[in-house]
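For reference, the structure is listed below as structure tokens.
The values are calculated or read from the model by the stated rules, or taken from the named source; none is laboratory data. Bear in mind that the values here come from a model prediction, so they are computed numbers and not experimental data. Every residue, glycine as well, gets a Cβ built from its backbone with ideal geometry; the counts of neighbours run over all protein chains shown. What goes into the accessible areas is simple: the full protein's heavy atoms, side chains included, and nothing from ligands, DNA or RNA. Shrake-Rupley method; radii C 1.70, N 1.55, O 1.52, S 1.80 Å.
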Amino acid sequence: SGDYFAWGETAPKDDFSCENYKYTEVDAATAILGDSWRLPTIDDFKELVKNCDSFWDKDNKCRIFRSTINGVEIVFPAAGWKEEKRLAFGHLGFYWSSSLFSGGTGADEALSLNFNSARKFGVLAGGNNLRMFGFSIRAVRWKE
């Protein structure tokens with residue numbers, strides 16, 4: 001299911017805490033894969049949820065999004081998240097967007113795509129989470 005990254009960091013790591021979080025505004029996807037790649041914005045994730053049906057694949061522990069426009073599918077493994085050295089894996093998915101959270105007291109939060117296995121429509125595009133957490137990233141290509 002891939003590596004885990006704190007928001008704005010460009011290298012995976014095993015321990016995610018306030019003490020070792022190095023805040024930057026660097027796009028990890030661009031830094032790792034090159035200029036034609038980026039992290040999705042929260043609007044990209046909202047568009048995905050709006051234009052897809054999603055279902056849980058219990059055998060492969062992933063959420064599958066199927067386009068209602070053309071039937072194409074995209075798979076998001078339930079990679080969970082890391083906090084400190086603890087790992088939650090197999091029933092939850094958290095994927096960073098490039099969008100910072102601007103509401104409430106969220107000065108240290110960013111927005112993500114969150115999903116679970118418990119509900120048929122257990123998807124939230126716009127969850128706010130602490131940027132120090134280790135989440136998965138899913139790169140998208142810039143539109144030409």
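One line per residue, one yes/no per condition, for (1) assigned to a helix (DSSP H, G or I); (2) in contact with a Pro (Cβ under 6 Å, 6 or more places away or on another chain); (3) over 18 Å from F133 (Cα atoms):
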| position | (1), (2), (3) |
| --- | --- |
| S1 | no, yes, no |
| G8 | no, no, no |
| P12 | no, no, no |
| F45 | yes, no, yes |
| S54 | no, no, yes |
| N60 | no, no, yes |
- prompt: List, please: which pairs have Cβ atoms under 7 Å, are six or more places apart or on different chains, and start with a residue in segment 75-88 that is under 12 Å from I137 (Cα atoms) and end with one that is β-branched (V, I, T) and surrounded by fewer than 18 Cβ atoms within 10 Å (Cβ to Cβ)?
  reply: none
query: Say we look at segment 21-35 and pick out the residues that are without any contact (Cβ under 8 Å) to a residue 24 or more places away in the chain and farther than 18 Å from W142 by Cβ; which of these is least open to solvent (accessible area, probe 1.4 Å)?
result: T24
query: Among the residues of segment 93-113 satisfying the criterion of being assigned to a strand (DSSP E or B) and among the small types (G, A, S), which is surrounded by the fewest Cβ atoms within 10 Å (Cβ to Cβ)?
result: S99
- line: By residue number, the members of segment 62-92 that are in a strand (DSSP E or B) and farther than 18 Å from P12 by Cα are C62, R63, I64, F65, R66, S67, E73, I74, V75, F76, L92
task: Return only the number of the condition from (1) farther than 14 Å from F115 by Cβ; (2) among the aliphatic types (A, V, I, L, M); (3) in contact with a Cys (Cβ under 9 Å, 6 or more places away or on another chain) that I74 does not satisfy.
output: (1)
